[in-house]
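Before I ask anything, here is the structure I am working with.
The values are calculated or read from the model by the stated rules, or taken from the named source; none is laboratory data. This one's a predicted model, so the numbers in the text were calculated from it and none came from an experiment. Positions of Cβ are backbone-derived with ideal geometry, glycine not excepted, and every protein chain shown enters the neighbour counts.
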Amino acid sequence: MRIPSNVSVDAPMMGNGFTGVAIGGRPEKQTFYLARNDFLRLKSSYNESFPAVLGKMEIEMPGLSGASYHVEQHLYNAKTVASFGSEGQETVFSSFVAAADYIMFIHITTTGETGLNGNATLQLPGKPFHGQ
């Protein structure tokens, strides 16, 4: 809930030493905040320097509004798995950052009798990219 933040991030985090990603938001609007670990917001006062967010990937799935959720981070394979449940349906986001590249993977699966529609938006400095 408190992300982005200028103090310790209260969110699941992924990364590879160069790229940092923090995950936040409600089930119906998952947000992946993208940062570089060597790109900092610097300020001369105490405790005012931190990694700067370079962009964010928002995945909106209105059908998940009010869903239950559970997030696990698997340290062995560096995956973050978020499960969302709603009315006999489960949606799972499995994500990780590649170890040696600037690539983030997000795999979304849905089980149940009905499908879910959604939108993905990549917001970087400048105009956002919209996809479905």
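How many of the residues in the stretch 58-74 are of a type outside the set (Phe, Trp, Tyr), assigned to a strand (DSSP E or B) and farther than 16 Å from Val21 by Cα?
Total meeting the criteria: 3.
Assuming Pro62 fulfils every condition listed in (1) farther than 14 Å from Ile108 by Cβ; (2) at pLDDT 90 or above; (3) surrounded by 13 or more Cβ atoms within 10 Å (Cβ to Cβ); (4) more than 14 Å from the chain's Cα centre (by Cα) apart from one, which condition is it?
Pro62 satisfies all of (1) farther than 14 Å from Ile108 by Cβ; (2) at pLDDT 90 or above; (3) surrounded by 13 or more Cβ atoms within 10 Å (Cβ to Cβ); (4) more than 14 Å from the chain's Cα centre (by Cα) except (3).
If you scan the stretch 65-93, which residues turn out to be free of Cβ contacts under 8 Å to residues at least 60 places away in the same chain, closer than 22 Å to Val9 by Cβ, under 16 Å from the mean Cα position of the chain (by Cα) and surrounded by fewer than 16 Cβ atoms within 10 Å (Cβ to Cβ)?
Passing the criteria: Tyr69, His70, Val71, Glu72, His74.
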